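Here the structure comes first, spelled out in structure tokens, and everything after it is commentary.
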């Protein structure tokens, strides 16, 4: 009896650890402690699972300890070795593995059921199929998201006209077959569950395929929420409250992030999932055709920056691609030494995952009070002497404010054109991921500085040093 | 319908738990500053590694000669462990960077 009590207490404390840890994770000062406490909760949960009383169980501790050692070493090394710039990819992979684990569990449970080693009623089958479906989408979806983030897969090459219709049909068929399986039970034969599993795995890929570019942060948070839900569903299979609580918490946090990301783009989740940015934006005004952009010389840019009162750097995905965060910080230091007030304006969907820019800049040692969010940045911009845009495009597009025909119309953007001067660092005049013209480049306060972001910033550093 | 009533009545506590956890989850995480979006996502992702508990229970109750279950269960434990261990370590690395710059 006492033994049972300690096991249950450990599960309970594990669940409290998750809740408390996530609570602390949502405030900067306590976040690290929060992560530690959640980790502690995980440790307790695993210990409880190892020692929970199970009548007549063979235990097979050798298998379990071996697997845990392999998993812990692989996970630890991967997490320690990964470059900070590859963080979105790493998080995607980890997320996919959680989903894969749920798929494996559901697969084994189905196998046991069909071989008469497990009795299941309809409710039990429904839960297992839910675990299978959600886990499969989280798994293959995350893997494709990883491949996209890593640049292994070109967004435009994995999607085709009418992709969403195909996706919806596939989802309907998969769910339909799943329902049939639940109704028929064992009578349906072993082919059906295998077909359902494979369809679900394909659907995961296909579901993420048409979504790319600037919509990546939404998909990543959504997949995160799916892997949580699959863990919760698996908790129902084993009647384990801790798994249910942990999984639901992750599902909720993923959902909140998804909603935040959608709001930051002023689009509904459905809109993100159905219409890729680039495909729906044909009504954009193309009136900018004969306008010319004005370039600035390196020397001028350096002088403007060095002798300003206040400067604001607006980073975007281009900063991540060029890995220019450290050079950015170097310029920041040089300017600060001359008394310039340097701030960074961070748009919520800048980059490819929620908070991407914050992580990059933190890696370059930029203190986080210098990072302004959308609202603070917009109220500071009219009093800013000079804005430097490093690899951002759609999040500084004035069309979102004043062109109702633009696909991003209504999306909250950084109003950089309200600052006194704007310098845009850009590789070429190609449009951003959204494939939309950006009138900002033709604005009279805007000057362009073409070239690779890192190259340009390095030259700028050298130029500033000569002043 | 009768089955549903019965399901509801017998699993009442579970349903309470489910609903309260959803509410709690939304409440706990609702106001996150942008700076913590990535670490929160990554930390939550590590928590979803709790699915490893299921994998451990599965291997424990498998028959010692049921290699299908054992091998897949082994795989499940590895996957869950990579997710959990890697997730917490990576989150810690991120938060460590945020920490040291506070002057």
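Since every read-out is calculated from the coordinates, none of them should be taken as a lab result. Every value quoted in this text rests on a predicted model; they were computed, and no experiment measured them. With ideal geometry, Cβ positions are generated from the backbone for all residues, glycine too; neighbour counts draw on all protein chains shown.
State, as an integer percentage, the relative contact order of the range A:354-467 based on alpha-carbon contacts under 8 Å between residues 6 or more apart.
Rounded, it is 23 percent for the range A:354-467.
Give the order of A:411, A:87, A:298, B:81 when sorted by the count of other beta carbons within 10 angstrom, beginning with the fewest.
A:298, A:411, A:87, B:81
Can you tell me the 0 to 90 degree angle between the C-alpha axis of helix A:2-25 and the longest principal axis of chain A, rounded to 10?
10
At a threshold of 8 angstrom on Cα-Cα distance, excluding pairs fewer than six apart, so keeping six or more, what relative contact order does the range A:84-280 reach in percent?
Averaging sequence separation for qualifying contacts and normalising by length gives 27 percent for the range A:84-280.
Using alpha carbon centroids, what distance separates the range A:189-213 and the range A:299-313, in Å?
Measuring centre to centre over Cα atoms gives 52 Å.
Can you tell me how the range B:2-60 classifies by the Cα gyration tensor, rounded, prolate or oblate, using a/c under 1.5 as the rounded cut?
Since a/c reaches 1.5 but b/c is at least a/b, the shape of the range B:2-60 is classed as oblate.
Per-residue mean of other chain beta-carbon atoms within 10 angstrom of the beta-carbon, peptide A:237-246?
5
Roughly how many Å is it from the Cα centre of the range A:333-409 to that of the range A:97-173, as a whole number?
That distance is 37 Å.
Can you tell me, using C-alpha contacts under 8 Å and at least 6 residues apart, the relative contact order of chain A as a whole percent?
13
Once each part is reduced to its C-alpha centroid, what is the distance from the range A:14-56 to the range B:32-100 in angstrom?
12
Once the principal axes of the Cα atoms of the range A:84-280 are found, what is the range along each, listed largest first in whole angstroms?
50, 37, 28
Can you work out the FRET efficiency for the pair residue B:9 and residue A:300, with r the C-beta to C-beta distance and R0 = 56 Å, to the nearest 0.05?
For R0 = 56 Å, the calculated efficiency reads 0.15.
Quick check on packing: order A:155-164, A:209-218, A:133-142, A:20-29 by the mean number of other C-beta atoms within 10 Å, highest mean leading.
A:133-142, A:209-218, A:20-29, A:155-164
Between residue A:459 and residue A:150, what FRET efficiency follows from the Cβ-Cβ distance if R0 is 35 Å, with the result rounded to 0.05?
Computed FRET efficiency for residue A:459 and residue A:150: 0.75.
Treating the Cα atoms of the protein assembly as shown as identical point scatterers in vacuum, please give the log10 of the normalised Debye intensity I(q)/I(0) at q = 0.06, 0.08, 0.13 Å⁻¹, two decimals.
Treating every Cα as an identical point scatterer, log10 I(q)/I(0) equals -0.33, -0.56, -1.24.
From the gyration tensor of the Cα coordinates in the range A:1-63, what semi-axes in whole Å does the equivalent ellipsoid have, largest first, with each one equal to sqrt(5λ)?
29, 12, 6
Between residue A:370 and residue A:323, what is the FRET efficiency for a Förster distance of 25 Å, r being their Cβ-Cβ separation, to the nearest 0.05?
With R0 = 25 Å, the Cβ-Cβ based efficiency is 0.80.
What's the angle, to the nearest 10 degrees (0 to 90), between helix A:122-150's Cα axis and the longest principal axis of chain A?
30
Quick check on packing: order A:98-109, B:85-96, A:332-343 by the mean number of other C-beta atoms within 10 Å, highest mean leading.
A:98-109, B:85-96, A:332-343
Give me A:118, B:60 sorted ascending by neighbouring Cβ count inside 10 Å, so fewest comes first.
A:118, B:60
Specify the angular offset, from 0 to 90 degrees and rounded to the nearest 10, of the alpha carbon long axis of helix A:241-264 from the longest principal axis of the alpha carbons in chain A.
With rounding to tens, the tilt is 20 degrees.
Taking every residue in A:105-117, how many Cβ atoms of other protein chains lie within 10 Å of its Cβ, on average?
4
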